[in-house]
Number of protein chains: 2
Amino acid sequence: MRIGIDAMGGDHAPTATVRGGVEAAQLMPKIEVVLIGVESRIREELAKEKKPPKNLSVVHAPEVVEMDEPPAQALRKKRDSSLGVATRMQHEGRLDAFISAGNTGAVMAFSLTGLGRLEGVERPAIATLMPTEHGTCVVLDVGANLDSKPIHLAQFGVMGSLFTKYALGRENPKVGLLSVGEESTKGDALTVRAHELLTRTNVHFMGNVEGKDILKGKADVVVCDGFVGNVILKFLESVMSMMEASILKYVYTSLRARAGVFLMRPVIRRFAKDLDYEEYGGAPLLGIRGTVVICHGRSSGKAIRNAVRVAQRVVEQGVNERIKEEMAHLKLGEV
Amino acid sequence: MRIGIDAMGGDHAPTATVRGGVEAAQLMPKIEVVLIGVESRIREELAKEKKPPKNLSVVHAPEVVEMDEPPAQALRKKRDSSLGVATRMQHEGRLDAFISAGNTGAVMAFSLTGLGRLEGVERPAIATLMPTEHGTCVVLDVGANLDSKPIHLAQFGVMGSLFTKYALGRENPKVGLLSVGEESTKGDALTVRAHELLTRTNVHFMGNVEGKDILKGKADVVVCDGFVGNVILKFLESVMSMMEASILKYVYTSLRARAGVFLMRPVIRRFAKDLDYEEYGGAPLLGIRGTVVICHGRSSGKAIRNAVRVAQRVVEQGVNERIKEEMAHLKLGEV
């Protein structure tokens, strides 16, 4: 299995991306890790490694897509960027999966145009892992789609369920539809209709879940439009930073608190780890003809390495094949 | 000024509501507090008080709207509930404001039908306070409206701005539109159009804000549709509970951590206080001909008492008059 890493994507690229690639190659010796990007920059980073793993290679891509570059422009002008090269490689079967912490919009644009949608899938969705009181849950979509239609949400439920079952190995995952009340009649026009459609799929649909149920871990898979998913995802990111600000604000007011923080450090670290996106290994773009895992722009080497593992599971477990099969049987009669 | 309290509304009613009323009356001697509900039950609670304040009275309402009763049914069948009686009293000018921790849907239904909308307001909205790294911000709508139109969001911005300026005393509040990116072109169809309309209002519109900006306190007022606002509000409520679960999970694994928790207790309490809805005194329903403040169902006496203070500020500062004035000048040319 060959997994490509966008060496140029992310706030800490290429240092973090190359480090992640090296770690992934070391930890998963059966995978071939391919670093894609400006070769000279990658080589510079690799020179820092004592002994670069043998299952790690470099593919040159001369152009670089900037983090804030408009996706449409990147698509038109940067065909030889790491994103362009990786997409072609995957399209031609020379790569099984691709990881990027770069410009999310551009990654989606290249993937959708270069790889296309899986048969039967109306709209691909980004599925992310969120922490819960008991472990994690999968939330989708978190930003690939705005203004979703009911059929899209129903399909997200199907894709999220299959990803969770096969890639995460969770039996019979419970799928919840994010809304403002538990009753099937509660919600906006989109969710009320999507609720109805979800009952007609083969997923283990548990009905609506509310904002408070996500972290409580009521559902294994939480389905929502990309607008609300994206807002929540970013909101969650800020919780940790608010907690830090709050602790800092008060802790220096007393010696007692300072001693407490010192003693609590392992607990705080564990909690921070619970909320830490780096642990979760990126968010797959489900529903495309290929495997693309999107990482946070701030991803460290560890985050990249964990994303490689997610990509490996998706490929190994044939998640895409299973999505295609399920979609072929899914007759929801909507457009 | 006469402020009514729904003595029968909320999970801890009438104990918490009567307690809140007593505290409010004690703290704000110039206000007349009116407890509305089943008189015998209220008297029972009042009997626990050593010396009930003189500026506290009771108005009997024989019927009770249950927490999970369908609002339409309550509206039809419970005209003599605390909600029905209070709404009539306010409509007839015998009450200046009303606080309820009861069935939110029913409170809205009674208020909208019994009091009506302020002239020029298309849709009333619930405005809630959320904690930020520096203090608080106002988020609206958090559930009165689903499937909002752009004009509604623009009006929420205006109402939220006036409430924040006058009732909270914050000069020139910055209004942000919740979306998935900072650029004006980022967002779903609703927010992109609402962005345009907000630039034409008189509010200090700072553009789009993202999910991560809410707790960071980037905006004083965050505008969104009631669906996403409600999801976020409930999500935030669960953060505290997750933190507790996480701390409990790890803390008993070591003596060191237990000692740390003991020492940190004041800091944790402060953080918990930052996240605590009780501190914020309920959420006004803005845009109606009257003043109604909605409290969380779990409200304690303190929460009720703080809500009375918010209601008092809204009335005293003439927030409704200012909204009416502003709406009269607002020509957005949309329906």
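The values are calculated or read from the model by the stated rules, or taken from the named source; none is laboratory data. Here the structure is a predicted model, which is why all the values come from computation and not from measurement. For neighbour counting, all protein chains shown are included, and Cβ atoms are generated from backbone atoms with ideal geometry for every residue, glycine included.
Among (1) more than 21 Å from A:Leu83 (Cβ to Cβ); (2) assigned to a helix (DSSP H, G or I), there is one condition A:Leu332 misses while meeting the rest; what is its number?
Status for A:Leu332: all satisfied but (2).
Can B:Thr199 be described as surrounded by fewer than 19 Cβ atoms within 10 Å (Cβ to Cβ), under 20 Å from B:Glu326 (Cβ atoms), at pLDDT 95 or above and out of contact with any His (no Cβ under 9 Å at 6 or more places or on another chain)?
yes
Being at the interface with another protein chain (Cβ under 10 Å from one of its Cβ atoms), more than 19 Å from B:Leu286 (Cβ to Cβ) and either touching a helix residue (DSSP H, G or I) at 6+ places or on another chain (Cβ under 7 Å) or of a type outside the set (Asp, Glu) (or both) is the filter here, so list the residues in the stretch B:158-195 that pass it.
Scanning the stretch B:158-195 gives B:Ser179, B:Val180, B:Gly181, B:Thr185, B:Lys186, B:Gly187, B:Asp188, B:Ala189, B:Leu190, B:Thr191, B:Val192.
Take the residues of the stretch A:227-249 that are crowded, with 18+ Cβ neighbours inside 10 Å and more than 7 Å from chain B (Cβ to nearest Cβ): which is nearest to B:His134 (Cα to Cα)?
A:Leu236
Can you find, within the stretch A:128-178, the residue that is farthest from A:Ala194 (Cα to Cα) among those that are β-branched (Val, Ile, Thr) and assigned to a helix (DSSP H, G or I)?
Among those that are β-branched (Val, Ile, Thr) and assigned to a helix (DSSP H, G or I), it is A:Thr164.
Residues being out of contact with any His (no Cβ under 8 Å at 6 or more places or on another chain) and either outside any helix (DSSP H, G or I) or among the charged types (D, E, K, R) (or both): count how many of those fall in the stretch B:300-322.
9
Between a first residue in the stretch A:72-83 that is closer than 13 Å to A:Gly114 by Cβ and a second residue that is surrounded by fewer than 13 Cβ atoms within 10 Å (Cβ to Cβ) and among the polar types (S, T, N, Q), which pairs have beta carbons less than 8 Å apart while being 6 or more apart in sequence or on different chains?
Going by the 8 Å Cβ cut-off, the qualifying pairs are A:Leu75/A:Thr113.
If the requirement is being charged (D, E, K, R), under 17 Å from B:Ala311 (Cβ atoms) and modelled with pLDDT of 95 or more, which of these qualifies: B:Asp96, B:Asp80?
Every option except B:Asp96 fails the conditions.
For residues that are within 14 Å of chain B (Cβ to nearest Cβ) and in contact with a strand residue (DSSP E or B) (Cβ under 7 Å, 6 or more places away or on another chain), scanning just the stretch A:126-140, find the one that is farthest from A:Leu236 (Cα to Cα). First the steps, then the outcome.
If we filter the stretch A:126-140 for residues that are within 14 Å of chain B (Cβ to nearest Cβ), which is where we start, we get A:126, A:128, A:130-137, A:139.
Next, only the ones that are in contact with a strand residue (DSSP E or B) (Cβ under 7 Å, 6 or more places away or on another chain) stay: A:126, A:128, A:130, A:136-137, A:139.
Numbers: A:Ile126: 16, A:Thr128: 12, A:Met130: 9, A:Thr136: 13, A:Cys137: 14, A:Val139: 12 Å.
Ranking the candidates gives A:Ile126 first.
Out of everything in the stretch A:203-223 that is more than 8 Å from chain B (Cβ to nearest Cβ) and touching an Asp or Glu at 6+ places or on another chain (Cβ under 7 Å), what residue ends up being farthest from A:Phe156 (Cα to Cα)?
A:Gly217
Here is a list: A:Arg270, A:Arg289, A:Arg258. Which entry is more than 18 Å from A:Val221 (Cα to Cα), within 14 Å of another protein chain (Cβ to nearest Cβ), at pLDDT 75 or above and surrounded by fewer than 19 Cβ atoms within 10 Å (Cβ to Cβ)?
Working: A:Arg270 fails: at pLDDT 75 or above; A:Arg289 fails: within 14 Å of another protein chain (Cβ to nearest Cβ).
None of the other options fit; the residue is A:Arg258.
For B:Lys324, which of the numbered conditions (1) over 14 Å from the mean Cα position of the chain (by Cα); (2) touching a residue at least 24 places away in the same chain (Cβ under 8 Å); (3) within 30 Å of A:Val267 (Cβ to Cβ) fails to hold?
(3)
I'd like to verify a number: residues in the stretch A:141-157 that are surrounded by fewer than 19 Cβ atoms within 10 Å (Cβ to Cβ) and either under 19 Å from the mean Cα position of the chain (by Cα) or away from every other protein chain (no Cβ under 14 Å) (or both), how many? Steps first, answer last, please.
Restricting attention to the stretch A:141-157, the residues satisfying the condition of being surrounded by fewer than 19 Cβ atoms within 10 Å (Cβ to Cβ) are A:147, A:149, A:151.
With the extra rule that they be either under 19 Å from the mean Cα position of the chain (by Cα) or away from every other protein chain (no Cβ under 14 Å) (or both), the set shrinks to A:151.
Adding up the residues that qualify gives 1.
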